[in-house]
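Below is one structure, written out as C-alpha coordinates, with a few remarks after it.
The values are calculated or read from the model by the stated rules, or taken from the named source; none is laboratory data. All values derive from a computational prediction rather than experimental measurement. Positions of Cβ are generated from backbone atoms using ideal geometry, with glycine treated the same way; all protein chains shown enter the neighbour counts. Calculation scope for accessible area: heavy atoms of the full protein, side chains included, ligands and nucleic acids excluded. Shrake-Rupley method; radii C 1.70, N 1.55, O 1.52, S 1.80 Å.
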Amino acid sequence: MFETSARDMGYDVTDYYKVDHRLGTISDLEELIKEMNKRNMKLLLDLVINHSGHENEWFQKSIDRIDPYTDFYVWKDSKGFNNKTKKEIPPNKWSSFFGGWAGSGWEWNEKRKQFYFHQFLPEQPDLNLRNEILKKELWKIIEFWLNKGVAGFRLDATPNFFEDKEFRDDDYGRQYDLPEVYEFIHEFRTYLDHYNKEHGGFERIFIAEAHTDWNTVIEYYDREDYPITHFPYMFLLEYIDEPLRAKFLTRDLSDWMMILPKGKVSAWMTQDHDNPRVGSRILPEYGDIFTMISMMLPGTVCVYYGQEINMMHGLVTKDQIKDFSGEGTRDPCRLTMQWDDSINAGFSTNITTTYLPANSDYFERNVEVQKIQPVSHYNLLKDLSTLRQTNTFKYGKFKNDAYYENIYSLSRSYEGHVLTVVANLYRTSSFRVNLTEILNNHPNEIIIAAASVNSGYIKGFNIEQESREEFYMRPLTSVVLETYQPHT
(Lines give C-alpha, C1' and ligand atoms only; values in the text may rest on other atoms or scores of the structure.)
Protein backbone atom coordinates (compact mmCIF):
# COMPACT_ATOMS: atom_id res chain seq x y z
CA MET A 1 0.00 0.00 0.00
CA PHE A 2 2.83 2.39 0.89
CA GLU A 3 5.04 3.97 -1.75
CA THR A 4 7.52 1.36 -2.88
CA SER A 5 10.14 0.51 -5.47
CA ALA A 6 8.34 -2.86 -5.73
CA ARG A 7 11.36 -5.10 -5.47
CA ASP A 8 9.34 -7.34 -3.16
CA MET A 9 5.72 -6.72 -4.11
CA GLY A 10 5.47 -3.59 -1.94
CA TYR A 11 7.32 -4.90 1.10
CA ASP A 12 10.16 -2.45 0.47
CA VAL A 13 8.65 0.85 1.60
CA THR A 14 10.20 4.06 0.28
CA ASP A 15 7.75 6.46 1.98
CA TYR A 16 5.46 5.51 4.87
CA TYR A 17 3.31 8.61 4.41
CA LYS A 18 2.32 8.01 0.80
CA VAL A 19 0.09 5.57 -1.07
CA ASP A 20 1.97 3.94 -3.93
CA HIS A 21 1.09 5.68 -7.20
CA ARG A 22 0.28 2.33 -8.84
CA LEU A 23 -2.56 1.85 -6.38
CA GLY A 24 -3.98 5.35 -6.16
CA THR A 25 -3.78 8.31 -3.80
CA ILE A 26 -4.43 9.10 -0.16
CA SER A 27 -7.74 10.59 -1.27
CA ASP A 28 -8.66 7.24 -2.82
CA LEU A 29 -7.82 5.54 0.46
CA GLU A 30 -9.91 8.01 2.45
CA GLU A 31 -12.85 7.41 0.13
CA LEU A 32 -12.40 3.64 0.51
CA ILE A 33 -12.44 3.92 4.31
CA LYS A 34 -15.55 6.13 4.16
CA GLU A 35 -17.42 3.69 1.94
CA MET A 36 -16.32 0.70 4.05
CA ASN A 37 -17.56 2.40 7.22
CA LYS A 38 -20.96 2.86 5.59
CA ARG A 39 -21.07 -0.92 5.18
CA ASN A 40 -19.96 -1.59 8.76
CA MET A 41 -16.50 -2.68 7.60
CA LYS A 42 -13.06 -1.60 8.78
CA LEU A 43 -9.71 -1.32 7.01
CA LEU A 44 -6.41 -2.59 8.41
CA LEU A 45 -3.03 -1.67 6.94
CA ASP A 46 -0.10 -4.02 6.45
CA LEU A 47 2.64 -2.31 8.48
CA VAL A 48 6.16 -3.25 7.34
CA ILE A 49 8.64 -2.01 9.95
CA ASN A 50 11.17 -4.82 10.23
CA HIS A 51 12.83 -3.22 7.22
CA SER A 52 12.32 -0.45 4.70
CA GLY A 53 13.18 -0.16 1.04
CA HIS A 54 16.72 0.80 0.07
CA GLU A 55 15.40 3.92 -1.68
CA ASN A 56 13.80 5.19 1.51
CA GLU A 57 15.07 8.65 2.50
CA TRP A 58 15.96 7.28 5.94
CA PHE A 59 18.34 4.73 4.45
CA GLN A 60 19.95 7.19 2.07
CA LYS A 61 20.61 9.59 4.95
CA SER A 62 21.86 6.72 7.09
CA ILE A 63 24.41 5.90 4.39
CA ASP A 64 25.62 9.50 4.61
CA ARG A 65 25.65 9.34 8.44
CA ILE A 66 23.21 12.23 8.69
CA ASP A 67 21.74 12.36 12.18
CA PRO A 68 19.33 11.25 13.51
CA TYR A 69 19.27 8.63 10.72
CA THR A 70 22.83 7.36 11.21
CA ASP A 71 21.77 4.40 13.33
CA PHE A 72 18.26 3.85 11.95
CA TYR A 73 19.59 0.64 10.34
CA VAL A 74 21.77 -2.29 11.40
CA TRP A 75 25.31 -1.39 10.38
CA LYS A 76 28.51 -3.28 11.19
CA ASP A 77 32.18 -3.01 10.26
CA SER A 78 33.88 -5.51 8.00
CA LYS A 79 35.90 -8.34 9.60
CA GLY A 80 38.65 -7.72 7.08
CA PHE A 81 39.42 -8.05 3.40
CA ASN A 82 39.51 -11.31 1.45
CA ASN A 83 42.44 -11.03 -0.95
CA LYS A 84 41.25 -14.07 -2.89
CA THR A 85 37.74 -12.81 -3.62
CA LYS A 86 38.74 -9.14 -3.47
CA LYS A 87 35.75 -8.48 -1.22
CA GLU A 88 35.12 -7.25 2.29
CA ILE A 89 34.42 -10.02 4.84
CA PRO A 90 30.93 -9.89 6.43
CA PRO A 91 30.66 -9.44 10.23
CA ASN A 92 29.33 -12.99 10.68
CA LYS A 93 27.72 -15.87 8.81
CA TRP A 94 24.11 -14.75 9.12
CA SER A 95 22.17 -15.54 5.97
CA SER A 96 19.17 -13.92 4.37
CA PHE A 97 15.75 -15.37 5.08
CA PHE A 98 15.51 -16.05 1.34
CA GLY A 99 18.54 -18.31 1.65
CA GLY A 100 20.38 -19.36 -1.45
CA TRP A 101 18.75 -16.83 -3.74
CA ALA A 102 19.73 -13.73 -1.79
CA GLY A 103 22.77 -15.29 -0.13
CA SER A 104 24.38 -13.52 2.80
CA GLY A 105 22.31 -11.34 5.08
CA TRP A 106 25.05 -8.69 4.85
CA GLU A 107 25.53 -6.19 2.05
CA TRP A 108 28.60 -3.97 1.73
CA ASN A 109 27.96 -0.26 1.18
CA GLU A 110 30.99 1.32 -0.42
CA LYS A 111 29.96 4.88 0.43
CA ARG A 112 29.53 4.29 4.16
CA LYS A 113 32.31 1.67 4.27
CA GLN A 114 30.20 -0.69 6.35
CA PHE A 115 27.92 -3.69 5.95
CA TYR A 116 24.19 -3.34 6.52
CA PHE A 117 22.03 -6.28 7.51
CA HIS A 118 18.98 -7.48 5.58
CA GLN A 119 16.93 -10.49 6.63
CA PHE A 120 15.16 -10.43 3.27
CA LEU A 121 16.35 -8.87 -0.01
CA PRO A 122 19.45 -6.64 -0.20
CA GLU A 123 17.00 -3.91 -1.24
CA GLN A 124 15.25 -4.34 2.15
CA PRO A 125 17.70 -3.12 4.82
CA ASP A 126 16.68 -4.02 8.37
CA LEU A 127 15.61 -1.16 10.60
CA ASN A 128 17.34 -0.86 13.97
CA LEU A 129 14.28 -1.05 16.21
CA ARG A 130 16.42 -0.50 19.28
CA ASN A 131 16.85 3.12 18.21
CA GLU A 132 14.59 5.31 20.38
CA ILE A 133 14.35 8.14 17.82
CA LEU A 134 13.31 5.67 15.13
CA LYS A 135 10.58 4.29 17.41
CA LYS A 136 9.16 7.78 17.82
CA GLU A 137 9.13 8.18 14.04
CA LEU A 138 7.22 4.92 13.74
CA TRP A 139 4.68 6.17 16.32
CA LYS A 140 4.13 9.23 14.14
CA ILE A 141 3.47 6.99 11.14
CA ILE A 142 0.94 4.95 13.08
CA GLU A 143 -0.84 8.07 14.32
CA PHE A 144 -0.91 9.55 10.79
CA TRP A 145 -2.82 6.57 9.40
CA LEU A 146 -5.05 6.18 12.44
CA ASN A 147 -6.10 9.79 11.93
CA LYS A 148 -7.09 8.82 8.38
CA GLY A 149 -9.56 6.32 9.84
CA VAL A 150 -7.52 3.12 9.62
CA ALA A 151 -8.78 0.54 12.14
CA GLY A 152 -5.42 -1.01 12.96
CA PHE A 153 -2.42 -2.81 11.55
CA ARG A 154 -1.15 -6.21 10.56
CA LEU A 155 2.41 -6.22 11.82
CA ASP A 156 4.50 -7.87 9.13
CA ALA A 157 7.29 -10.34 9.97
CA THR A 158 7.11 -9.77 13.73
CA PRO A 159 9.53 -12.59 14.72
CA ASN A 160 12.22 -10.86 12.65
CA PHE A 161 12.10 -7.51 14.45
CA PHE A 162 15.37 -7.95 16.37
CA GLU A 163 18.77 -9.55 15.85
CA ASP A 164 21.25 -10.76 18.42
CA LYS A 165 22.91 -7.55 19.57
CA GLU A 166 26.17 -9.42 20.25
CA PHE A 167 26.29 -10.39 16.55
CA ARG A 168 27.47 -13.87 17.50
CA ASP A 169 28.63 -15.95 14.55
CA ASP A 170 25.72 -18.38 14.46
CA ASP A 171 22.87 -19.45 12.25
CA TYR A 172 19.64 -17.61 11.41
CA GLY A 173 18.14 -18.56 14.77
CA ARG A 174 19.98 -15.72 16.48
CA GLN A 175 17.81 -13.30 14.55
CA TYR A 176 14.43 -14.85 15.28
CA ASP A 177 11.79 -14.23 17.97
CA LEU A 178 14.04 -12.64 20.55
CA PRO A 179 12.34 -11.49 23.80
CA GLU A 180 12.74 -7.87 22.71
CA VAL A 181 10.09 -8.49 20.05
CA TYR A 182 7.35 -8.66 22.68
CA GLU A 183 8.77 -5.72 24.61
CA PHE A 184 8.78 -3.62 21.46
CA ILE A 185 5.21 -4.54 20.49
CA HIS A 186 4.12 -3.90 24.08
CA GLU A 187 5.42 -0.32 23.75
CA PHE A 188 3.50 0.13 20.51
CA ARG A 189 0.37 -1.45 21.97
CA THR A 190 0.55 0.94 24.91
CA TYR A 191 0.70 3.79 22.42
CA LEU A 192 -2.24 2.35 20.48
CA ASP A 193 -4.31 1.88 23.64
CA HIS A 194 -3.65 5.51 24.56
CA TYR A 195 -4.86 6.54 21.10
CA ASN A 196 -8.01 4.47 21.55
CA LYS A 197 -8.68 6.10 24.91
CA GLU A 198 -8.13 9.60 23.54
CA HIS A 199 -10.22 9.19 20.39
CA GLY A 200 -12.89 6.72 21.45
CA GLY A 201 -15.19 4.99 18.96
CA PHE A 202 -14.17 1.57 17.69
CA GLU A 203 -11.09 -0.20 19.05
CA ARG A 204 -8.03 -0.04 16.79
CA ILE A 205 -6.04 -3.27 16.83
CA PHE A 206 -2.67 -4.92 16.20
CA ILE A 207 -2.45 -8.37 14.56
CA ALA A 208 0.86 -10.23 14.42
CA GLU A 209 2.16 -12.23 11.47
CA ALA A 210 4.10 -14.73 13.55
CA HIS A 211 5.33 -17.70 11.53
CA THR A 212 6.71 -19.64 14.47
CA ASP A 213 6.08 -22.57 16.81
CA TRP A 214 2.93 -22.78 18.95
CA ASN A 215 4.59 -22.00 22.26
CA THR A 216 6.06 -18.85 20.79
CA VAL A 217 2.80 -17.84 19.09
CA ILE A 218 1.16 -17.90 22.53
CA GLU A 219 3.57 -15.16 23.63
CA TYR A 220 1.95 -12.75 21.17
CA TYR A 221 -1.36 -12.82 23.05
CA ASP A 222 -1.75 -9.89 25.39
CA ARG A 223 -2.08 -10.36 29.10
CA GLU A 224 -4.15 -8.24 31.45
CA ASP A 225 -1.08 -6.54 32.89
CA TYR A 226 0.99 -6.62 29.71
CA PRO A 227 -0.85 -5.94 26.43
CA ILE A 228 0.93 -7.04 23.26
CA THR A 229 -1.03 -7.78 20.06
CA HIS A 230 -4.76 -8.38 20.07
CA PHE A 231 -4.05 -11.74 18.46
CA PRO A 232 -1.58 -13.41 16.09
CA TYR A 233 -2.44 -15.38 12.98
CA MET A 234 -2.75 -19.14 13.44
CA PHE A 235 -1.11 -21.00 10.55
CA LEU A 236 -1.94 -24.59 11.58
CA LEU A 237 -4.27 -25.17 8.62
CA GLU A 238 -2.02 -23.29 6.22
CA TYR A 239 0.94 -25.55 6.95
CA ILE A 240 -0.97 -28.68 5.91
CA ASP A 241 0.32 -29.58 2.45
CA GLU A 242 -0.72 -33.22 2.18
CA PRO A 243 -4.01 -35.13 2.38
CA LEU A 244 -5.73 -34.68 5.73
CA ARG A 245 -5.99 -37.49 8.26
CA ALA A 246 -8.93 -37.11 10.62
CA LYS A 247 -7.15 -38.32 13.74
CA PHE A 248 -4.19 -35.99 13.25
CA LEU A 249 -6.39 -32.99 12.49
CA THR A 250 -8.45 -33.75 15.61
CA ARG A 251 -5.33 -34.07 17.73
CA ASP A 252 -3.72 -30.85 16.47
CA LEU A 253 -6.83 -28.70 16.80
CA SER A 254 -7.59 -30.10 20.26
CA ASP A 255 -4.00 -29.50 21.40
CA TRP A 256 -4.07 -25.92 20.17
CA MET A 257 -7.41 -25.15 21.82
CA MET A 258 -6.01 -26.55 25.08
CA ILE A 259 -3.04 -24.15 25.18
CA LEU A 260 -4.91 -21.12 23.80
CA PRO A 261 -5.09 -18.53 26.63
CA LYS A 262 -8.50 -18.29 28.25
CA GLY A 263 -10.69 -15.64 26.68
CA LYS A 264 -8.46 -15.31 23.59
CA VAL A 265 -9.27 -16.17 19.99
CA SER A 266 -7.40 -17.66 17.07
CA ALA A 267 -7.15 -16.01 13.67
CA TRP A 268 -7.35 -18.96 11.30
CA MET A 269 -5.70 -18.91 7.88
CA THR A 270 -5.66 -21.57 5.19
CA GLN A 271 -3.75 -19.65 2.51
CA ASP A 272 -2.13 -16.27 1.95
CA HIS A 273 0.10 -14.25 -0.38
CA ASP A 274 3.24 -16.18 0.57
CA ASN A 275 1.94 -19.75 0.46
CA PRO A 276 0.22 -22.01 -2.08
CA ARG A 277 -3.57 -22.02 -2.28
CA VAL A 278 -5.24 -25.04 -0.71
CA GLY A 279 -6.61 -26.51 -3.92
CA SER A 280 -3.24 -26.26 -5.66
CA ARG A 281 -1.04 -27.48 -2.84
CA ILE A 282 -3.17 -30.57 -2.14
CA LEU A 283 -6.27 -31.17 -4.29
CA PRO A 284 -9.06 -28.82 -5.51
CA GLU A 285 -11.65 -30.62 -3.37
CA TYR A 286 -9.87 -29.53 -0.22
CA GLY A 287 -10.77 -25.89 -0.87
CA ASP A 288 -14.32 -26.20 0.47
CA ILE A 289 -13.28 -28.51 3.30
CA PHE A 290 -10.61 -26.10 4.60
CA THR A 291 -12.94 -23.13 4.23
CA MET A 292 -15.71 -24.92 6.12
CA ILE A 293 -13.47 -26.04 8.97
CA SER A 294 -11.72 -22.68 9.38
CA MET A 295 -14.99 -20.74 9.35
CA MET A 296 -16.64 -22.97 11.95
CA LEU A 297 -13.69 -23.06 14.35
CA PRO A 298 -13.90 -20.63 17.30
CA GLY A 299 -12.26 -17.30 16.56
CA THR A 300 -11.53 -15.02 13.63
CA VAL A 301 -11.11 -16.29 10.09
CA CYS A 302 -8.91 -14.68 7.45
CA VAL A 303 -10.17 -15.22 3.92
CA TYR A 304 -7.54 -14.69 1.24
CA TYR A 305 -8.90 -13.10 -1.93
CA GLY A 306 -10.10 -15.72 -4.39
CA GLN A 307 -10.73 -18.25 -1.63
CA GLU A 308 -14.41 -17.33 -2.06
CA ILE A 309 -14.42 -19.04 -5.46
CA ASN A 310 -11.75 -21.66 -4.74
CA MET A 311 -9.17 -20.02 -7.00
CA MET A 312 -6.29 -22.17 -8.20
CA HIS A 313 -2.76 -21.42 -9.28
CA GLY A 314 -2.20 -20.51 -12.90
CA LEU A 315 0.73 -20.42 -15.28
CA VAL A 316 3.26 -17.61 -14.84
CA THR A 317 5.78 -17.58 -17.67
CA LYS A 318 9.38 -16.54 -17.12
CA ASP A 319 8.83 -13.10 -18.64
CA GLN A 320 5.83 -12.51 -16.31
CA ILE A 321 7.64 -13.21 -13.03
CA LYS A 322 7.33 -10.43 -10.45
CA ASP A 323 8.43 -12.25 -7.30
CA PHE A 324 12.12 -11.48 -7.54
CA SER A 325 12.56 -12.54 -3.91
CA GLY A 326 12.02 -16.17 -4.76
CA GLU A 327 12.35 -16.57 -8.54
CA GLY A 328 8.61 -16.37 -9.04
CA THR A 329 7.66 -19.08 -6.56
CA ARG A 330 4.95 -16.98 -4.90
CA ASP A 331 3.47 -15.47 -8.05
CA PRO A 332 1.00 -18.31 -8.78
CA CYS A 333 -0.91 -17.65 -5.53
CA ARG A 334 -1.08 -13.91 -6.27
CA LEU A 335 -2.77 -13.95 -9.67
CA THR A 336 -5.48 -11.51 -10.72
CA MET A 337 -8.80 -11.80 -8.88
CA GLN A 338 -11.37 -13.48 -11.12
CA TRP A 339 -14.47 -11.27 -11.06
CA ASP A 340 -16.14 -12.27 -14.33
CA ASP A 341 -15.46 -13.72 -17.80
CA SER A 342 -14.53 -10.42 -19.46
CA ILE A 343 -11.00 -9.38 -20.40
CA ASN A 344 -8.45 -9.90 -17.64
CA ALA A 345 -11.15 -11.60 -15.55
CA GLY A 346 -12.81 -8.22 -15.00
CA PHE A 347 -9.89 -7.02 -12.89
CA SER A 348 -8.53 -4.45 -15.34
CA THR A 349 -9.52 -2.85 -18.63
CA ASN A 350 -5.88 -2.83 -19.74
CA ILE A 351 -6.04 -4.87 -22.93
CA THR A 352 -2.37 -5.75 -23.22
CA THR A 353 -1.32 -6.84 -19.75
CA THR A 354 -1.86 -6.77 -16.00
CA TYR A 355 0.76 -6.84 -13.24
CA LEU A 356 0.25 -10.59 -12.96
CA PRO A 357 -1.86 -12.61 -15.41
CA ALA A 358 -5.27 -14.14 -14.80
CA ASN A 359 -5.59 -17.89 -14.55
CA SER A 360 -6.81 -19.35 -17.85
CA ASP A 361 -9.83 -20.88 -16.07
CA TYR A 362 -11.33 -17.46 -15.23
CA PHE A 363 -14.04 -17.74 -17.90
CA GLU A 364 -15.72 -20.50 -15.87
CA ARG A 365 -14.37 -19.85 -12.35
CA ASN A 366 -15.33 -16.33 -11.39
CA VAL A 367 -17.53 -14.40 -8.97
CA GLU A 368 -20.34 -13.54 -11.39
CA VAL A 369 -20.78 -17.14 -12.51
CA GLN A 370 -20.77 -18.49 -8.98
CA LYS A 371 -23.16 -15.83 -7.69
CA ILE A 372 -25.99 -17.21 -9.82
CA GLN A 373 -25.19 -20.88 -9.28
CA PRO A 374 -27.34 -22.32 -6.46
CA VAL A 375 -24.42 -24.56 -5.50
CA SER A 376 -21.04 -22.82 -5.67
CA HIS A 377 -17.95 -22.07 -3.61
CA TYR A 378 -19.06 -18.44 -3.41
CA ASN A 379 -22.50 -19.29 -2.05
CA LEU A 380 -21.01 -21.83 0.36
CA LEU A 381 -18.88 -19.07 1.88
CA LYS A 382 -21.98 -16.87 2.18
CA ASP A 383 -23.84 -19.68 3.96
CA LEU A 384 -20.94 -20.15 6.36
CA SER A 385 -20.76 -16.41 6.98
CA THR A 386 -24.44 -16.44 7.96
CA LEU A 387 -23.83 -19.29 10.42
CA ARG A 388 -21.02 -17.27 11.99
CA GLN A 389 -23.59 -14.65 13.01
CA THR A 390 -25.45 -17.09 15.26
CA ASN A 391 -24.98 -17.24 19.03
CA THR A 392 -24.00 -20.87 18.59
CA PHE A 393 -20.93 -19.81 16.65
CA LYS A 394 -20.18 -16.81 18.85
CA TYR A 395 -20.54 -18.53 22.21
CA GLY A 396 -20.85 -22.24 21.49
CA LYS A 397 -18.67 -24.96 22.97
CA PHE A 398 -16.12 -26.56 20.66
CA LYS A 399 -15.60 -30.27 20.17
CA ASN A 400 -13.98 -32.28 17.40
CA ASP A 401 -13.44 -35.96 16.81
CA ALA A 402 -12.44 -38.61 14.28
CA TYR A 403 -14.59 -41.58 13.20
CA TYR A 404 -13.96 -44.62 11.01
CA GLU A 405 -10.30 -43.64 10.60
CA ASN A 406 -10.92 -40.68 8.30
CA ILE A 407 -14.30 -39.08 8.95
CA TYR A 408 -13.81 -35.78 10.76
CA SER A 409 -16.40 -33.91 12.81
CA LEU A 410 -16.37 -30.49 14.46
CA SER A 411 -19.29 -29.25 16.53
CA ARG A 412 -20.36 -25.97 18.11
CA SER A 413 -23.20 -26.14 20.64
CA TYR A 414 -25.09 -23.47 22.55
CA GLU A 415 -28.39 -23.71 24.45
CA GLY A 416 -29.55 -26.75 22.50
CA HIS A 417 -28.58 -25.45 19.06
CA VAL A 418 -25.81 -27.53 17.48
CA LEU A 419 -23.81 -26.94 14.29
CA THR A 420 -21.73 -29.93 13.23
CA VAL A 421 -19.21 -30.16 10.42
CA VAL A 422 -18.87 -33.68 9.02
CA ALA A 423 -16.13 -34.25 6.45
CA ASN A 424 -15.27 -37.38 4.49
CA LEU A 425 -11.50 -37.12 4.14
CA TYR A 426 -11.12 -40.35 2.19
CA ARG A 427 -9.71 -39.33 -1.19
CA THR A 428 -11.12 -42.19 -3.26
CA SER A 429 -13.84 -43.78 -1.15
CA SER A 430 -17.46 -42.87 -0.67
CA PHE A 431 -18.67 -43.57 2.85
CA ARG A 432 -21.90 -44.19 4.67
CA VAL A 433 -21.67 -42.25 7.90
CA ASN A 434 -23.67 -43.07 11.02
CA LEU A 435 -24.94 -39.62 11.98
CA THR A 436 -26.73 -41.10 14.98
CA GLU A 437 -23.33 -41.92 16.45
CA ILE A 438 -21.75 -38.57 15.60
CA LEU A 439 -24.75 -36.57 16.84
CA ASN A 440 -25.26 -38.66 19.99
CA ASN A 441 -28.59 -40.29 19.03
CA HIS A 442 -30.22 -36.96 18.25
CA PRO A 443 -33.96 -37.57 17.78
CA ASN A 444 -35.02 -34.29 16.18
CA GLU A 445 -34.70 -33.12 12.59
CA ILE A 446 -31.28 -32.78 11.00
CA ILE A 447 -30.96 -30.04 8.39
CA ILE A 448 -28.01 -29.41 6.07
CA ALA A 449 -27.05 -25.79 6.77
CA ALA A 450 -24.15 -25.73 4.28
CA ALA A 451 -22.54 -28.21 1.88
CA SER A 452 -19.39 -28.44 -0.22
CA VAL A 453 -19.93 -28.04 -3.94
CA ASN A 454 -19.14 -31.69 -4.70
CA SER A 455 -21.26 -33.16 -1.89
CA GLY A 456 -24.45 -33.69 -3.88
CA TYR A 457 -26.47 -31.96 -1.13
CA ILE A 458 -28.01 -28.52 -0.93
CA LYS A 459 -28.70 -26.14 1.94
CA GLY A 460 -32.02 -26.86 3.63
CA PHE A 461 -32.07 -30.59 2.87
CA ASN A 462 -33.78 -32.53 5.68
CA ILE A 463 -32.09 -35.82 6.51
CA GLU A 464 -34.87 -38.30 7.18
CA GLN A 465 -34.79 -40.72 10.10
CA GLU A 466 -34.19 -43.76 7.90
CA SER A 467 -31.09 -42.20 6.30
CA ARG A 468 -29.28 -41.12 9.44
CA GLU A 469 -27.40 -44.34 10.15
CA GLU A 470 -26.16 -44.58 6.57
CA PHE A 471 -25.71 -40.98 5.45
CA TYR A 472 -23.99 -41.17 2.07
CA MET A 473 -20.91 -38.99 1.57
CA ARG A 474 -18.81 -38.76 -1.57
CA PRO A 475 -14.98 -38.66 -1.33
CA LEU A 476 -13.52 -35.34 -0.07
CA THR A 477 -16.86 -33.73 0.75
CA SER A 478 -18.18 -31.90 3.79
CA VAL A 479 -21.45 -30.61 5.21
CA VAL A 480 -22.61 -28.52 8.16
CA LEU A 481 -25.53 -30.13 9.97
CA GLU A 482 -27.93 -28.04 12.05
CA THR A 483 -29.82 -29.70 14.91
CA TYR A 484 -31.70 -28.70 18.03
CA GLN A 485 -31.34 -30.67 21.20
CA PRO A 486 -33.35 -30.36 24.43
CA HIS A 487 -31.55 -27.72 26.50
CA THR A 488 -30.53 -29.00 29.94
Once all protein chains are kept in place, Glu437 shows an accessible area at probe 1.4 Å, nearest 10 Å², of 90
To the nearest 10 degrees, the tilt of helix 180-199 (Cα long axis) against the first principal axis of the alpha carbons of the chain is 70
The helix 26-38 Cα axis meets the longest alpha-carbon principal axis of the chain at an angle in degrees, between 0 and 90 and rounded to 10, of 30
Rounded to the nearest 10 Å², the 1.4 Å probe accessible area of Asp225 is 130
Karplus ³J(HN,Hα) for region 142-148 (6.51 cos²θ - 1.76 cosθ + 1.60, θ = phi - 60°; Hz, whole; x = Gly/Pro) runs 4, 5, 4, 7, 4, 5, 7
Checking rank on 284-291, 159-166, with mean other Cβ inside 10 Å and highest first, the result is 284-291, 159-166
Along region 332-338, Karplus-curve 3J(HN,Hα) (6.51, -1.76, 1.60; θ = phi - 60°) to the nearest Hz, with x for Gly and Pro, reads x, 8, 10, 5, 3, 4, 9
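Would you mind counting up the charge near Leu249? Only other residues with Cβ under 13 Å from its Cβ, with Lys and Arg at +1 and Asp and Glu at -1. All intermediate terms of the calculation are to be shown ahead of the outcome.
Numbers: positive: Arg245, Lys247, Arg251; negative: Glu242, Asp252, Asp255, Asp401, Glu405.
Cβ neighbours under 13 Å give a net charge of -2.
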Amide H proximity to His417 below 5 Å, modelled H, separation 5+ or other chain, gives Gln485
With every protein chain in place, the accessible area of His313 for a 1.4 Å probe, in Å² rounded to the nearest 10, comes to 60
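Which order do the peptides 200-206, 53-59 come out in when sorted by mean C-beta neighbours inside 10 angstrom, highest first? Mind dumping the intermediate values first?
Numbers: 200-206: 14.6, 53-59: 20.9.
Highest-to-lowest ranking by the protection proxy: 53-59, 200-206.
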In Å, the C-alpha Rg and Dmax of region 169-254 are 16.6, 50
Taking every C-alpha to C-alpha distance in region 354-432 and binning by 10 Å from 0, the per-bin percentages run 15, 28, 32, 20, 5, 0
